[in-house]
1. Long-range amide H contacts for A41: which residues qualify at under 5 Å (H placed 1.01 Å from N, peptide plane, sequence gap of 5 or more or a different chain)?
2. Going by amide H atoms built from the backbone, whose H comes under 5 Å of the H on I147, apart from near neighbours?
3. Go through 69-76, 101-108, 81-88 and give me the packing order, highest mean Cβ count within 10 Å leading.
4. Taking amide H positions as placed 1.01 Å from N in the peptide plane, with prolines and chain starts having none, which residues 5 or more places from L106, or on another chain, fall under 5 Å of its amide H?
5. Once the piece of chain linking A64 and E146 is laid out straight, how much longer is it, given 0.36 nm per residue of separation minus the C-alpha distance between them?
6. Once the other residues with Cβ under 9 Å from the Cβ of G86 are scored (Lys, Arg +1; Asp, Glu -1), what is the net sum?
7. May I ask you to derive the relative contact order of the range 38-130, considering only C-alpha pairs under 8 Å and at least 6 residues apart, and to give it as an integer percent?
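What follows draws every value from the coordinates through simple rules; no lab data is involved. It should be emphasised that the depicted structure is a prediction, and the values quoted were computed from it without experimental measurement. When we count neighbours, we look across all protein chains shown, and the Cβ atoms used for this are built from the backbone with ideal geometry, even at glycine.
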Amino acid sequence: MLMNWIRTAPVRVAGYALAALTVVALTGALLSSPAIAQHKANESDMEVPTNDMEVVEFGRAKYAQRCSFCHGGDGHGGKGPCLSCGKFAYIGNTNAEIYATIAGGLPNRSLGGTMGAFGTTMTADEILAVLTFLRWEEKRRIADGEIPDPAKDTSNQQLVFPE
């Protein structure tokens with residue numbers, strides 16, 4: 001088992017590098033294009049167009065097709081964690097970090113489970129649309145009172161919307 005993990009290390013590293021380069025490229029593209037309204041976890045995070053309902057609906061469809069089996073309908077959780085609850089316990093909470101996780105996966109079982117990399121089976125636009133849908137769903141759930149606003153959480157957990 002350890003030898004298999006060591007043998008596949010270059011593939012994992014290459015996958016993370018590809019995801020990081022894609023995030024950098026997308027960040028530049030998103031920052032240079034005008035947007036109606038965007039979501040950013042912090043000042044240096046990549047923006048996602050949460051008020052562009054065409055992107056949100058495309059993301060909802062891709063999410064239902066590729067993610068809902070593990071993460072439940074609309075990202076509310078299933079055998080995998082909730083993705084629209086305002087907190088990401090296993091990774092950073094920026095859009096760039098979540099994008100990199102979708103693209104590169106989570107191979108580390110010590111985090112509570114694993115997730116395959118989708119960067120080779122989904123386009124950058126599809127991943128970005130899924131991320132946009134998840135951020136839109138978080139905002140909707142907060143506005144409807146379904147989940148607490150993570151910016152008001154005083155616990156030591158990572159926040160999606162920092163103060």
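1. N95
2. I142
3. 81-88, 101-108, 69-76
4. M115, G116
5. 27.5 nm
6. -1
7. Worked out over the range 38-130, it gives 27 percent.
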